[in-house]
Amino acid sequence: MLISLLIPLYNEEKQIPLTLDTLIPMLRDLPVDYELILVDDGSKDKTWELINQASIKNTRIIGLRFSRNFGKEAAICAALDKASGDAVILIDGDLQHPPELIPDMVKDWMTGEYDIIEGIKATRGKESVISRLNARLFYGLFHRLSGYDLRNASDYKLLDRRVVDEWKNLEEHDTFFRGLSAWLGFRRKTFTFKVAARQTGISKWSLLRLAKLSINAITSFSTAPLQFITFIGILLLAGSFIIAIQTLVNWFSGQAASGFTTVILLQLLIGGSIMISLGLIGIYVARIFTEVKGRPRYIIAQQTSPSGSLASGNGKGSITGKNNLSDTSDSEAYRP
């Protein structure tokens with residue numbers, strides 16, 4: 001039996017040696033064979049050079065390099081497409097997901113009782129107050145709008161081959177791994193862990209990237225924001241009806257107030273509501289636009305081979321299927 005360990009990386013040249021020195025001895029002690037898939041998400045440092053060196057020393061290490069930075073979700077998709085294991089484990093390269101729990105995950109999976117074994121954060125580590133508030137707001141909205149409770153969920157998961165195969169059948173371009181893994185269902189078990197502090201480097205997630213991921217996740221799983229436009233319209237109609245009655249009463253009683261205060265307030269209210277509505281519609285139209293273009297989720301410029309040599313891309317990328325990645329001299333891209 002084979003376990004595929006998947007690690008997305010971005011500008012982690014200082015972290016990679018520590019990560020590999022921690023993981024490889026642990027993987028060797030597992031009762032199954034392993035492969036280690038490292039995805040360089042368009043790093044600007046020496047991340048790719050270190051991945052290539054590691055693959056020469058250990059043929060179980062497979063390296064994939066994107067032509068540019070496509071984001072963590074795309075890196076996860078690439079790793080899942082490449083993985084050939086009977087089960088896959090996704091773990092962050094900064095070791096904030098405790099690797100010492102991997103043997104227990106494999107043990108639970110080998111019982112045959114579970115298809116997904118996922119980690120739940122008992123603590124969020126040394127996150128800032130703003131990050132904690134943003135996370136609470138996002139997961140609260142996501143739960144209410146989509147029905148999936150992902151509070152304190154993480155990407156630290158083991159997926160059985162059946163789950164991975166079903167994942168590959170999903171054709172959407174913009175993915176949200178945590179949400180889609182919950183949507184897939186299957187038999188699952190959870191465990192809790194404490195988020196460890198990074199030993200090197202800093203987090204690559206900015207508030208802007210987190211906000212973009214949040215919007216993408218919510219609009220991927222719910223059309224409730226579009227229904228919010230209808231709610232605004234009904235609310236404004238009711239308010240307008242009340243103001244109309246008040247205006248007529250004042251006019252017939254000879255107490256009609258002069259000035260434009262009411263008109264200005266109504267214009268601001270209606271104008272703001274229209275702009276919000278157009279913005280929400282625009283988000284969904286943009287998602288449709290992204291999907292119908294059919295561009296690949298990612299483009300692989302280089303990959304390591306068992307001999308330790310590199311398969312170099314030509315920068316153009318040929319669009320092929322989603323499943324297996326062949327060792328060719330061309331860049332390979334995958335449709336969603």
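The values are calculated or read from the model by the stated rules, or taken from the named source; none is laboratory data. Bear in mind the structure is a predicted one, so any value in this text is a computation, not a measurement. Cβ coordinates were reconstructed from backbone atoms using ideal geometry, including for glycine residues, and neighbour counts include every protein chain displayed.
Structure notes:
- Unmet requirement for L145, which otherwise passes all of (1) of a type outside the set (S, T, N, Q); (2) at pLDDT 80 or above; (3) part of a helix (DSSP H, G or I): (2)
Table: residues versus (1) of a type outside the set (S, T, N, Q); (2) under 18 Å from P296 (Cα atoms).
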residue: L5; (1), (2): yes, no
residue: L23; (1), (2): yes, no
residue: M26; (1), (2): yes, no
residue: T47; (1), (2): no, no
residue: S55; (1), (2): no, no
residue: A79; (1), (2): yes, yes
residue: L90; (1), (2): yes, no
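- Any hit, the stretch 125-140, residues being closer than 27 Å to E12 by Cβ, at pLDDT 70 or above and among the β-branched types (V, I, T): no
- Of all residues in the stretch 162-203, those satisfying the criterion of being of a type in the set (F, W, Y) and either assigned to a strand (DSSP E or B) or modelled with pLDDT under 75 (or both) are F191, F193.
Here's the yes/no breakdown for (1) among the hydroxyl-bearing types (S, T, Y); (2) at pLDDT 90 or above:
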| residue | (1), (2) |
| --- | --- |
| P8 | no, yes |
| R28 | no, no |
| L38 | no, yes |
| I56 | no, no |
| T59 | yes, no |
| L80 | no, yes |
| L90 | no, yes |
| Q96 | no, no |
| E100 | no, no |
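- Considering residues of the stretch 169-196 that are under 22 Å from V292 (Cα atoms) and in contact with a Leu (Cβ under 7 Å, 6 or more places away or on another chain) only, the residue surrounded by the fewest Cβ atoms within 10 Å (Cβ to Cβ): L170
- The combined condition, being among the hydroxyl-bearing types (S, T, Y), touching a strand residue (DSSP E or B) at 6+ places or on another chain (Cβ under 9 Å) and at pLDDT 85 or above, is fulfilled by S84.
- Residue satisfying condition, being in contact (Cβ under 8 Å) with a residue 12 or more places away in the chain, surrounded by 22 or more Cβ atoms within 10 Å (Cβ to Cβ), farther than 22 Å from A196 by Cβ and of a type in the set (K, R), within set R60, R65: R65
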